[in-house]
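Asker: What follows is a single structure, and I will ask about it in a moment.
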Amino acid sequence: MATQIPQTSTSEHASAGFLPRIGRSLAVVPALGWLIGVLCAVIIEYVIGDTLAVMLYLPKVPALFGTTLVLKEPLLFPSALLFVLLVYALPIGAVARMSAGWTNRAAVALERVPIWLSVLVHLGLLYAVLHVWTEASDYRLQVAKLIMIAVMLTLSINVINGYMGEFSCSHPGFMALGAYASSVFTLLLFKQDRLFGAALLPESLGPYFFPIALVIGGAAAALGALVVAIPSFRTRGDYLAIISLAFMFIVKSAIENIEPIGGPRGMGGQPHWSTLPAVFAGMAICIWIINNFVRSTMGKALNAVRDNEIAADAMTVNTRRTKMVAFMFGAFWAGVAGGFYAHEVRHVTPGSFGIQMLAEVLAMVYFGGLNSVVGSIVGAVSISMISEILKPLQLYKWIIIPLILILVMIFRPTGLVAFRDFDIKRILGARR
Amino acid sequence: MAFFLQNVINALQWGSFYALIALGYSMVYSILMLFNFTHGDIFMTGTYIGFGVATALVALATALSWSMPGWLLLVLTIIIAMFLTSILGVVVERVGYRPLREAPRASAAITGLMIGIMLEYGNLAILGTQRYNFPSIIETVTYDVGGVFFTNKKILIVGVALLLMIALHQFIHKTRWGMAMRAMSYDFQVVPLMGVSLNVIAPMTFAIGSALAAAGGILYGMAYPVLDPFMGILLGWKSFVAAILGGRGSILGAALAGFLLGFIEIFTAMVFPSTFRDLIAYSIILLILTFRPYGFFGQAHSAQLRL
């Protein structure tokens, strides 16, 4: 396919530097092309990464694009940069650009088939990328999984804080409910354990019941949400913020006082079922359902309630029911994320679902952008990544991240990609 | 009976901290209609500033071989620390809240939260992880009245807290500045048209709130001398709940609810195991708010809420 580069004006074109020209030539690459490029890059890293790392005097393959390494040992900056250039930037750019012709044709072909098939193809590629990338180290694997869990959590809180426009502080509480409910289910049925004794079912059956455990976790969180919602949706305003804050403290304190589930020491020994495919599938389904929810009539009603509740009521929106459903829906997904989290870190304590986690979740959703699925993904991925990357700085990390967030809030008060639809057709479409 | 009275005294002391911090939340809320989530950490910083001032004053007195009486030292510490912390409050307002006055209120809450985190970790970065002890400014004297034990510090804490609250009440109801603040809390969009600048009133609110938090911090340091950069989190959030319980924007309500929260917590710990304290305290608050959604003295705000 002949690709035409739109030329705005000659003078601008003449003054365009090296980078803008590269940017313009890469603008023709569709999502499919990028995925294939990244796949090539991670395969290259998988095959020659170790050798290249040795050649560049790097201790091992840099886990997160060399950033952590550079912060620890600044002298390795040239090597790390070269590694990232050789392994990631060059192959991705080259493959994506050179394959742009046929990937565009493929993207056109995929536009003709049903959208779910096209999405599945892209998701399959994305999964392949993640799978190969996380082969390198367990650390990467865990980072990738925790990021995907964070995406789910951020999306779920965006339904409430972004789409509904209330300020909910109880998400750590919902996550705790989900984590504990699903853990109780799996430990009770499938695991020989000091809290509940012998397993009732053989452990080999377990992974098939993992979705049920997650749904139980989500349902527990949704029930908790009902406790918050009934008193707080009688009035409008900041009421939910306080009730949900109190609820978070209540959940934490209640779990600390229930000795059969470990009390303040927490609950450990969950089976390691949050594997990469499971978490990936969970995240994909979560994005799909939440995106459908916010684009449905219900989602539109939710936006109407946020913008003007009285007007929405006049337009026959059942505001109370809408808010309740949305709140429980958001809590459900927080619970599911909690279930994944519990089966990934495999030890949950009530202390970890506190103010600290609330601050992190709020940072993610407000950084990425309110009222936007893309924004949630961007926020969760970037804050988690920044947080991992800055780990060598120890406590200065918690000065830099808030600073970034304050700047984002001052210059883009609703977040980076706020109020934008997640248009899957446009994202996956060909760039003609 | 003696046991009961003993706990009443403890609850009064514990409640004074909540009340003093809750006042700051309540004042900012009444003017700007937003939650100042930095306030707990301003309280923490105020305590550290008080610690620094007190240590410096003690060192100065020793160096010049004055025999400064304890009460004078305390008064000086409180006044200087209140002044310094109010500057911090103004800076927080200028940096974190003023640029976001037109933004959704939740964004301002986020900047507040983030400034709070920066204060915590900034403190940790500057002073290190070692714990400091608040200098014992006045000698502890224990009185025994019919089996009820109380120290002069407890009386002092409750007394100073009440004094500050009365002073605040007088300021708000008797002075022109207080009148401007009350007007602003009535409608912060129209009152600026009458010649009262929000850019004066808002920093002033932050300054007064922070000063009260600093006073609360010094009193707290007298009762519980071990300082910790994260001490403001739990106390701050609990006082925030108290401020809401009192009725958003109501000074009297915030003070009363602060004391009430102190009473609930102390008496729960008296009857139940102390681990149930938070659980029962918050459940009671949840119940109260279910039946009185606007708190004790709040009224339904008609102002258009932005997000």
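The values are calculated or read from the model by the stated rules, or taken from the named source; none is laboratory data. Just so we're clear, the structure is a prediction, and the values are computed from it rather than from any experiment. Cβ placement follows ideal geometry from the backbone for every residue including glycine, while neighbour counts extend to all protein chains displayed.
Asker: May I ask you to list the residues in segment B:130-150 that are assigned to a loop (DSSP other than H, G, I, E, B) and surrounded by 16 or more Cβ atoms within 10 Å (Cβ to Cβ)? Before the answer, list the steps.
Answerer: Taking segment B:130-150 as the starting set, the residues that turn out to be assigned to a loop (DSSP other than H, G, I, E, B) are B:130-132, B:134-141, B:146-147.
Across segment B:130-150, the qualifying residues are B:Tyr132, B:Phe134, B:Pro135, B:Ile137.
Asker: Hey, does segment B:81-94 have a residue that's assigned to a helix (DSSP H, G or I), free of Cβ contacts under 8 Å to residues at least 40 places away in the same chain and out of contact with any Ser or Thr (no Cβ under 6 Å at 6 or more places or on another chain)?
Answerer: yes
Asker: Next question. State all residues of segment B:247-284 that are at pLDDT below 90 and in contact with a Leu (Cβ under 6 Å, 6 or more places away or on another chain); if no residue qualifies, say none.
Answerer: B:Ala254
Asker: Still on this structure, please answer the following. Answer yes if at least one residue in segment A:312-325 is under 30 Å from A:Gly268 (Cα atoms) and touching a residue at least 24 places away in the same chain (Cβ under 8 Å), and no otherwise. Even if it seems obvious, please write down each step before you answer.
Answerer: First, the residues of segment A:312-325 that are under 30 Å from A:Gly268 (Cα atoms): none.
No.
Asker: Can we say A:Ile310 is in a helix (DSSP H, G or I), assigned by TED's automatic domain parsing to the domain that holds A:Met164 and touching a Leu at 6+ places or on another chain (Cβ under 9 Å)?
Answerer: Numbers: in a helix (DSSP H, G or I): yes; assigned by TED's automatic domain parsing to the domain that holds A:Met164: yes; touching a Leu at 6+ places or on another chain (Cβ under 9 Å): no.
The answer is no for A:Ile310.
Asker: Is it the case that some residue within segment A:293-308 is within 30 Å of A:Ala199 (Cβ to Cβ) and surrounded by 15 or more Cβ atoms within 10 Å (Cβ to Cβ)? Walk me through how you get there before you give the answer.
Answerer: Step one: of segment A:293-308, the residues within 30 Å of A:Ala199 (Cβ to Cβ) are none.
No; the residues of segment A:293-308 include none that is within 30 Å of A:Ala199 (Cβ to Cβ) and surrounded by 15 or more Cβ atoms within 10 Å (Cβ to Cβ).
Condition check ((1) surrounded by fewer than 23 Cβ atoms within 10 Å (Cβ to Cβ); (2) away from chain B (no Cβ under 14 Å)) across all residues:
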residue	(1), (2)
A:Ser204	yes, yes
A:Pro207	yes, yes
A:Phe233	yes, no
A:Asp238	yes, no
A:Ile250	no, no
A:Pro264	yes, no
A:Gly269	yes, yes
A:Asn291	yes, yes
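Asker: Give B:Ile166, B:Ile155, B:Ile115 a once-over and let me know the one that is closer than 23 Å to B:Phe17 by Cα and touching a residue at least 24 places away in the same chain (Cβ under 8 Å).
Answerer: Details: B:Ile166 fails: touching a residue at least 24 places away in the same chain (Cβ under 8 Å); B:Ile155 fails: touching a residue at least 24 places away in the same chain (Cβ under 8 Å).
Answer to the check: B:Ile115.
Asker: Name the residues in segment B:39-62 that are among the aromatic types (Phe, Trp, Tyr) and closer than 20 Å to B:Ala108 by Cβ, would you?
Answerer: B:Phe43
Asker: Let me spell it out: the conditions are (1) at positive phi; (2) surrounded by 12 or more Cβ atoms within 10 Å (Cβ to Cβ), and B:Gly195 meets all of them except one. Which number is the exception?
Answerer: It fails just one condition, (2).
Asker: State whether one or more residues within segment B:164-180 are crowded, with 17+ Cβ neighbours inside 10 Å, out of contact with any Pro (no Cβ under 9 Å at 6 or more places or on another chain) and closer than 19 Å to B:Trp71 by Cα.
Answerer: Scanning segment B:164-180 turns up at least one residue that is crowded, with 17+ Cβ neighbours inside 10 Å, out of contact with any Pro (no Cβ under 9 Å at 6 or more places or on another chain) and closer than 19 Å to B:Trp71 by Cα.
Asker: Which condition from (1) more than 19 Å from B:Leu164 (Cβ to Cβ); (2) in contact (Cβ under 8 Å) with a residue 24 or more places away in the chain; (3) surrounded by fewer than 24 Cβ atoms within 10 Å (Cβ to Cβ); (4) out of contact with any Ser or Thr (no Cβ under 8 Å at 6 or more places or on another chain) is the one that B:Leu252 breaks?
Answerer: Condition not satisfied by B:Leu252: (1).
Asker: Quickly run through segment A:373-390 and pick out the residues that are polar (S, T, N, Q) and within 14 Å of chain B (Cβ to nearest Cβ).
Answerer: Step one: filter segment A:373-390 for residues polar (S, T, N, Q), giving A:376, A:382, A:384, A:387.
Across segment A:373-390, the qualifying residue is only A:Ser387.
Asker: In segment B:163-182, what residues are under 26 Å from B:Leu12 (Cβ atoms), within 19 Å of the chain's Cα centre (by Cα) and not polar (S, T, N, Q)?
Answerer: B:Leu163, B:Leu164, B:Met165, B:Ile166, B:Ala167, B:Leu168, B:His169, B:Phe171, B:Ile172
Asker: Considering only residues of segment A:391-408 that are surrounded by fewer than 19 Cβ atoms within 10 Å (Cβ to Cβ) and in contact with a Leu (Cβ under 7 Å, 6 or more places away or on another chain), which is nearest to the other protein chains (Cβ to nearest Cβ)?
Answerer: A:Leu395
Asker: Shifting gears a bit: Against the conditions (1) under 23 Å from the mean Cα position of the chain (by Cα); (2) more than 15 Å from B:Met27 (Cα to Cα), where does B:Ser185 fall short? Just the number, please.
Answerer: All conditions are met except number (2).
Asker: Let me ask another. Would you call A:Ala221 touching a Leu at 6+ places or on another chain (Cβ under 8 Å), more than 14 Å from chain B (Cβ to nearest Cβ) and surrounded by 14 or more Cβ atoms within 10 Å (Cβ to Cβ)?
Answerer: Working: touching a Leu at 6+ places or on another chain (Cβ under 8 Å): yes; more than 14 Å from chain B (Cβ to nearest Cβ): yes; surrounded by 14 or more Cβ atoms within 10 Å (Cβ to Cβ): yes.
Answer is yes for this residue.
Asker: For the list (1) of a type in the set (Val, Ile, Thr); (2) in contact with a Leu (Cβ under 9 Å, 6 or more places away or on another chain); (3) surrounded by fewer than 24 Cβ atoms within 10 Å (Cβ to Cβ), I need the number of the one condition that A:Ile157 fails.
Answerer: Looking at each condition in turn, A:Ile157 falls short on (3).
Asker: Return yes when B:Val75 is part of a helix (DSSP H, G or I), out of contact with any helix residue (DSSP H, G or I) (no Cβ under 6 Å at 6 or more places or on another chain) and over 30 Å from A:Ile410 (Cβ atoms) and no when it is not. Talk me through it step by step, then tell me what you get.
Answerer: On the way: part of a helix (DSSP H, G or I): yes; out of contact with any helix residue (DSSP H, G or I) (no Cβ under 6 Å at 6 or more places or on another chain): yes; over 30 Å from A:Ile410 (Cβ atoms): yes.
Answer is yes for this residue.
Asker: Restrict the check to segment B:211-231 and report whether at least one residue is part of a helix (DSSP H, G or I), within 14 Å of chain A (Cβ to nearest Cβ) and under 21 Å from B:Asp41 (Cβ atoms).
Answerer: Taking segment B:211-231 and keeping what is part of a helix (DSSP H, G or I), we get B:211-223, B:231.
Subsequent filtering for residues that are within 14 Å of chain A (Cβ to nearest Cβ) retains B:231.
Going one step further and asking which of them are under 21 Å from B:Asp41 (Cβ atoms), we end up with B:231.
The answer is yes, given that some residue of segment B:211-231 is part of a helix (DSSP H, G or I), within 14 Å of chain A (Cβ to nearest Cβ) and under 21 Å from B:Asp41 (Cβ atoms).
Asker: Only one of (1) within 11 Å of chain B (Cβ to nearest Cβ); (2) touching a residue at least 24 places away in the same chain (Cβ under 8 Å) is not met by A:Ala150, so which one is it?
Answerer: Of (1) within 11 Å of chain B (Cβ to nearest Cβ); (2) touching a residue at least 24 places away in the same chain (Cβ under 8 Å), only one is false for A:Ala150: (1).
Asker: Only one of A:Glu111, A:Glu135 is over 26 Å from the mean Cα position of the chain (by Cα) and either surrounded by fewer than 18 Cβ atoms within 10 Å (Cβ to Cβ) or without any contact (Cβ under 8 Å) to a residue 12 or more places away in the chain (or both). Can you tell me which? Please lay out each step first, then the result.
Answerer: Details: A:Glu135 fails: over 26 Å from the mean Cα position of the chain (by Cα).
The unique qualifying residue is A:Glu111.
Asker: Check whether at least one residue in segment A:343-354 is within 14 Å of chain B (Cβ to nearest Cβ), surrounded by fewer than 21 Cβ atoms within 10 Å (Cβ to Cβ) and not polar (S, T, N, Q), and report yes or no.
Answerer: yes
Asker: Mind listing whichever residues of segment A:413-432 are more than 17 Å from the chain's Cα centre (by Cα) and buried (at least 20 other Cβ atoms within 10 Å of the Cβ)?
Answerer: Scanning segment A:413-432 gives A:Pro413, A:Thr414, A:Ala430.
Asker: Please specify each residue of segment A:60-102 satisfying the condition of being assigned to a helix (DSSP H, G or I) and closer than 22 Å to A:Tyr396 by Cα. Step through it out loud before you land on a result.
Answerer: Filtering segment A:60-102 down to residues assigned to a helix (DSSP H, G or I) leaves A:67-72, A:74-98, A:100-102.
Those that are assigned to a helix (DSSP H, G or I) and closer than 22 Å to A:Tyr396 by Cα: A:Thr67, A:Thr68, A:Leu69, A:Val70, A:Leu71, A:Lys72, A:Pro74, A:Leu75, A:Leu76, A:Phe77.
Asker: Filter segment B:77-101 down to residues that are within 14 Å of chain A (Cβ to nearest Cβ), surrounded by 22 or more Cβ atoms within 10 Å (Cβ to Cβ) and of a type in the set (Val, Ile, Thr), then give me how many there are.
Answerer: 1
Asker: Considering (1) under 19 Å from B:Gly40 (Cα atoms); (2) within 11 Å of another protein chain (Cβ to nearest Cβ); (3) surrounded by fewer than 18 Cβ atoms within 10 Å (Cβ to Cβ), say which one B:Leu127 fails and leave the rest.
Answerer: Status for B:Leu127: all satisfied but (2).
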